[in-house]
Amino acid sequence: MTTIRLENLVKSFGSFTALKTMDLEIGNGEFVALLGPSGCGKSTTMNMIAGMEAPTSGRILFDGRDMAGVPMGKRGVGFVFQNYAIFTHMTVRQNLAYGPKARGWPKAKVDAAVAKIADFLQLTPMLDQKSAKLSVNILQRLAIGRSAIVEPAIFLLDEPLSNVDAAFRAVMRTELKHLQREFRQTMVYVTHDQLEAMTMADRIAVMDHGVLQQVGTPIEVYNDPVNLFVARFIGAPGMNLVEGTLAETDRGLAVDLGAFGLSPPLPAALAGAARTAGAKEVVYGFRPEEVTLRTEGPGLRAAVGFVERIGARTIVHFGAADRALKIVAEPSTAVSVGETLSIEPVAASVRLFDKASGRAIKGAA
Amino acid sequence: MRRSLPFELFRYAMIALALALTLIPILWMASMAFKPIAEWSASGADLTWWPKAPTLDNFRYIFGEQTTALIATLDRTATKPILASLLAAVFGTLIAMSAGTAAAYGLSRFGSGQNLPLALTQLRLFPPMAVMIPVMIMWAFLGLIDSWWGLALIYGIVTLPFAFWLMKTFFDEMPKEIEEAALVEGCSRFRVFMKITLPMMRAPLASSAMFVFILNWSDYLIGLLLTTKEWVTIPVYMASLSSSMTGQLYGAKAALGLIAAIPPVILGIAIQKHLVRGLTFGALKQ
C-alpha cells in the first residue's frame, strides 16, 4: 500500500532514448495499466520502478521516499514476468515458498501463506508437482502466486497474460482484479492489449515512442483521446479518422471530407473550439460504434467494401486503403457489398484533431 | 511429413556408414583384447573377428600376472596408471569446471565487450607443443613433474577455455528474468547463483563436465612430457607396452584400451538425458 511517483523520468540506452521525461503519480491501492505498442517504453518504465534498471535521470518515489540506489530486493515490490521466470527445478510448493523463506519467515507462517495463496489461485492439487511439467496457464498462475504470497505493497506485472491462451486470459483478468481487491496492493500492469487495460485498470497510461500520451480512466481515454495516436490505439476497431478541411456552411461549421462528401454540421461547442483554435486542416474522428447507418440521408457517403459478421456484431468496412471507414452495426444489419450508404456519426461522438499537431480540438464541456 | 523411400534408404545408409566408421575400430579393439598372442598378428585366413581361443591373459598380464605365453615381465602394472589418469582427469575437470563456470557467469551477466572471452579462447590457439617447454620448466620449478596433482593443474588450465565457452553459451541463453525474480524477493546475488542458477544449470553442467573429462582423459602429450615414472597416465603407459622380444603387445594394449573406454562410456550413459538436453538447451521453451 504505497503511492508511486515518477518525476521527469528519462532512460537512454546509448544513443537510443527509451523513455522521454515521464511524469506519473500512482495512488495507493490503484491499478494502473501502462498501455502501448511494443517499444513504447512501458517495460523500461516498469523495470525502473522495480529497480532492475537505473534511470538516466529523474526520480522514482515510493510514499515520497526516493528509491535511487535502493536495490530491487529492498523495494518491497512483487514482479510477475512475461516469461513466468519459474524456478523449474523446484516444485510448485517450493516456488511459492521461495519469497517467504528468503525473508526468513518462520515455517508455520510460510506453510499458512502457501496454503492460502494456493487455495486462492487453485494451485492446491499440484503443490507437490515439479513445476517444469506444468502447462503455460498454470505456470503463469504460479508466477502470480509466487509474487503475491508475500503481499507486496507494490505489485508489478509485465505482460503476464500475453503467452497464455485466449480463454484462460479472460479467466485471469477476472482473477487478477479479484486478487487486487483482496490484497489492496498498488498495481502497475504493463500490456499492449487494450482489452486487459480497459477491463482491469482504474487508470490507463497510454504510451508511444517513449512518451506518455495520456493518463485517464478507461472511459476517459476511450471517449476523449487527447491526440490521434490514442484515438487510433484505443478501441477495437479504433476510431475512424478522416482527413478534411473545415468549411462554413449555412447550417454551421462542417468538415469537407473529400470523397466522402461534407460531414454533418459540427456540434456547437466543437465548432466554437475549432474556430477559436483557428485550425483549417483537421482530422475528423468518430467511433465505429456510434453511428446511424441509412441508405439515404445526411452523413458521409461511402460504398461498402466488405462485411465481417462476428456473431454479436457486424463490422462493415467502407472504402479502401487510407480512406477506409469501419462501422460496427447490429448483427442483423442487411447490407450488401458495393452498396452506397450514408454514415451519420452521433453528434456527441464526433472528435476533431488538428492535422498538423495531431492534438485533439476540444469544445468546452 | 512423409519422406520418400529412396530418401529413407539413403538416410539409413549414411547412418550405417557413420556408425561403421565409429564402431569397427572399437569392436576390433574389443576382439583383440581377448585374443591370445598367437592371434595378435595373424594374417590372411587366420585373421578373424571372433577370437579363435578367447582368453583373459591380456588383462591378467597388464595387471602383473605372469602367463606362459607372455614371458616378458612388465616393469609396472596398469593399476597405478589407471589411478593416475582418474585422479588427474577428475581433478583437472573440477578445476576447469569451477573456474570456467564462475568466469562464464561473471562475463555473461556483468561482462561487456568481446575481448576477454576471446582472450580466453586464445589459450586454445597455440599448438600445445609451443607452450609445453615453458610449462615443463615452470612445473619443474614448482616440483610438480611426475605427480597427479601437477597433471590435474595443467589439465584444468588447458581445458578451462572449453568449460568457459560452453558454460557462457548456456548462461547467455538462460533468461535473466529467472534470477531477477529471485533478486526481487530479496536474495543476494550469491544465494541466487547457488540456489537458482546452478540447480537450473544441472544439465549444461553435466554435459560440459563430460566434454572436459574426456579431453583430459584422452590426453597423451601432456602426460608424456610431465610424468616420468610414478604417475604416468594410461595413454603414456599404453605406448610403453612393447618388448624387445615380441614387439608391440597388441593384445595388452587392446585390453588396456578397453578398460580406458569404460569411464567415458559409463559417464555418457549416466548423463545421456542431460547430454541431449544440454546440447539442445537453447531450443527449450522457457
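For A:PHE353, A:PHE120, B:PHE190, what's the largest-to-smallest order of accessible area, 1.4 Å probe? List each step's numbers first, then the result.
Working: A:PHE353 0, A:PHE120 45, B:PHE190 140 Å².
Final ranking, largest accessible area leading: B:PHE190, A:PHE120, A:PHE353.
Using DSSP, restrict attention to beta bridges with both residues in the protein assembly as shown and report what percent are antiparallel, rounded to the nearest 5.
On the way: 59 of 77 bridges.
So the antiparallel bridges in the protein assembly as shown amount to around 75 percent.
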When the dipole is taken about the Cα centre of the protein assembly as shown, and only Lys, Arg (+1) and Asp, Glu (-1) are charged at their Cβ, what size is it in debye, to the nearest 20?
-> 1200 debye
Provide the solvent-accessible area of A:ASP250, counting protein heavy atoms only and rolling a 1.4 Å probe, rounded to the nearest 10 Å².
-> 150 Å²
log10 of Debye I(q)/I(0), alpha-carbon scatterers only, for the protein assembly as shown at 0.09, 0.12 Å⁻¹ = -0.93, -1.23
With Cα coordinates, the longest principal axis of chain A makes an angle with the long axis of helix A:92-102, in degrees rounded to 10, of 80 degrees
Kirkwood hydrodynamic radius (Cα pairs, Å) of segment A:237-361?
-> 14.8 Å
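Taking a quarter of the surface of the Cα convex hull of segment A:4-226, what do you get in nm²?
Working: hull surface 49.5 nm².
If I average the Cα hull's projected area over directions, I get 12.4 nm².
Over segment A:166-316, give the accessible area per residue in Å² for a 1.4 Å probe, as an integer. It would help to have the intermediate numbers written out before the result.
Values: 6370 Å² over 151 residues.
Counting only protein heavy atoms, the per-residue value for segment A:166-316 is 42 Å².
Treating only the Cβ of Lys, Arg, Asp and Glu as charged (+1, +1, -1, -1), what charge dipole size does segment A:80-175 show about its Cα centre? Round to the nearest 20 debye. Write down the numbers at each step before the final one.
Working: 12 positive and 8 negative charges, 63 e Å.
Here segment A:80-175 has a charge dipole of around 300 debye.
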Of the convex hull enclosing the alpha-carbon atoms of segment A:150-302, the direction-averaged projected area in nm² is 12.6 nm²
For segment A:29-74, what % of the accessible area comes from carbon and sulfur atoms, probe 1.4 Å?
-> 50 percent
Magnitude of the charge dipole, segment A:4-226, Cβ model with Lys/Arg +1 and Asp/Glu -1, debye to 20 | 920 debye
For segment B:1-125, compute Rh as the Kirkwood radius over C-alpha pairs and then the Stokes-Einstein diffusion coefficient at 4 °C and 1.567 mPa s; write the answer in µm²/s, rounded to an integer.
-> 63 µm²/s
Helix A:268-277 sits off the longest principal axis of the Cα atoms of chain A, rounded to the nearest 10 on a 0 to 90 degree scale, by 90 degrees
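Please report the buried accessible area for the interface of A with B, total over both chains, probe 1.4 Å, in Å² to the nearest 100. Write out the running numbers ahead of the final one.
Working: alone 16300 and 16560 Å², together 31110 Å².
For A against B, buried area totals roughly 1700 Å².
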Is there a simple number for the mean count of other chain Cβ atoms within 10 Å of the Cβ of residues in B:168-180, and what is it?
-> 3
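What part of the accessible area of segment B:5-54, given as a whole %, is carbon or sulfur when the probe is 1.4 angstrom?
Working: 2930 of 3660 Å².
Carbon and sulfur: 80 percent of the exposed surface of segment B:5-54.
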Of the options A:GLY238, A:GLY58, A:VAL92, report the single residue whose Cα projects farthest towards the positive end of the charge dipole of chain A (beta-carbon charges: Lys, Arg +1; Asp, Glu -1).
-> A:VAL92
Name the residue farthest towards the positive end of the dipole of segment A:151-267 from the options A:LEU228, A:PRO267, A:MET198, assuming +1 on Cβ of Lys and Arg, -1 on Cβ of Asp and Glu, about the Cα centre.
-> A:MET198
Threshold 20 Å², segment A:86-128 residues less accessible with all protein chains present than alone (1.4 Å probe) = A:PHE87, A:THR88, A:HIS89, A:TYR98, A:ALA102, A:ARG103
Quickly work out the A:GLU220-to-B:LYS273 label distance, labels modelled 7 Å from Cα along the C-beta direction, and quote it in nm with one decimal.
-> 5.6 nm
Calculate, in nm to one decimal, what A:VAL136 and A:ASP193 gain on full extension: separation in residues at 0.36 nm each, minus their alpha carbon distance.
-> 18.7 nm
Nearest 10, in degrees from 0 to 90: the angle of helix B:250-270 to the longest Cα principal axis of chain B is 30 degrees
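With every protein chain kept in the model, how would you rank A:TYR189, A:TYR222 by accessible area, 1.4 Å probe, largest at the top? Before the final figure, lay out each step's value.
Values: A:TYR189 0, A:TYR222 45 Å².
Ranked list, largest accessible area first: A:TYR222, A:TYR189.
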Taking only Cα atoms of segment B:5-54, radius of gyration then Dmax in Å | 15.4, 48
Express the C-alpha Rg of segment A:258-316 as a ratio against the empirical globular expectation 2.2 N^0.38 Å, rounded to two decimals.
-> 1.42
Over segment B:148-220, with a single point scatterer placed on each C-alpha, what log10 of the ratio I(q)/I(0) does the Debye formula yield at q = 0.23, 0.25 1/Å?
-> -0.99, -1.07
With label points set 7 Å from each Cα along the Cα-to-Cβ direction at A:LYS101 and A:LYS74, the distance between them in nm comes to 2.5 nm
Per the charge dipole of chain A (beta-carbon charges, Lys/Arg positive, Asp/Glu negative, Cα centre), the residue among A:ILE343, A:GLY36, A:ILE117 reaching farthest to the positive end is A:ILE117
Taking A:LYS130 as the anchor, which aspartates and glutamates have their alpha carbon closer than 19 Å to its alpha carbon, excluding any fewer than eight residues away along the same chain?
-> A:ASP111, A:ASP119, B:GLU179
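Can you give the alpha-carbon Rg of segment B:78-284 over 2.2 N^0.38 Å, where N counts its residues?
Details: Rg = 19.6 Å, N = 207, 2.2 N^0.38 = 16.7 Å.
Dividing the Cα radius of gyration by 2.2 N^0.38 Å gives 1.17.
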Computed FRET value (nearest 0.05) for B:MET129 with B:THR22, which takes r as the C-beta separation and R₀ as 30 Å = 0.60
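Shielding by partners for A:70-78, please: the mean number of other protein chain Cβ atoms within 10 Å of each residue's Cβ. Walk me through the numbers before you get to the answer.
On the way: counts 0, 5, 5, 9, 1, 2, 2, 2, 3.
Across the residues of A:70-78, the mean count of other-chain Cβ atoms within 10 Å is 3.
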Show which lysines lie in cross-link reach of A:LYS280 when reach means a straight Cα distance below 28 angstrom and same-chain residues fewer than eight apart are skipped.
-> A:LYS326, A:LYS355, A:LYS362
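Can you give the extra length, in nm with one decimal, that the chain gains between A:SER38 and A:SER12 once fully stretched, where that is 0.36 nm per residue apart less the Cα-Cα distance?
On the way: separation 26, 0.36 × 26 = 9.36 nm, distance 1.65 nm.
Using 0.36 nm per residue and subtracting the Cα-Cα distance, I get 7.7 nm.
Once R0 is set to 35 Å, what does the formula 1/(1 + (r/R0)^6) return for the Cβ-Cβ distance between B:SER4 and A:ALA259, expressed as a FRET efficiency to the nearest 0.05?
On the way: r = 56 Å, r/R0 = 1.61.
The value I calculate is 0.05.
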Can you work out the FRET efficiency for the pair B:SER243 and B:SER43, with r the C-beta to C-beta distance and R0 = 22 Å, to the nearest 0.05?
-> 0.60
For peptide B:185-197, how many partner chain Cβ atoms fall within 10 Å of a residue's Cβ, on average?
-> 4
Of B:PHE34, B:PHE110, A:PHE229, A:PHE318, which has the most accessible area and how do the rest follow, probe 1.4 Å?
-> B:PHE110, B:PHE34, A:PHE229, A:PHE318
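The values are calculated or read from the model by the stated rules, or taken from the named source; none is laboratory data. As the structure is a prediction and not an experimental result, all values here were calculated from the model. In this analysis, Cβ positions are derived from the backbone assuming ideal geometry, glycine residues included, and neighbour counts consider all displayed protein chains. Keep in mind that these areas ignore ligands, DNA and RNA; they rest on the heavy atoms of the full protein, side chains included. Shrake-Rupley method; radii C 1.70, N 1.55, O 1.52, S 1.80 Å.
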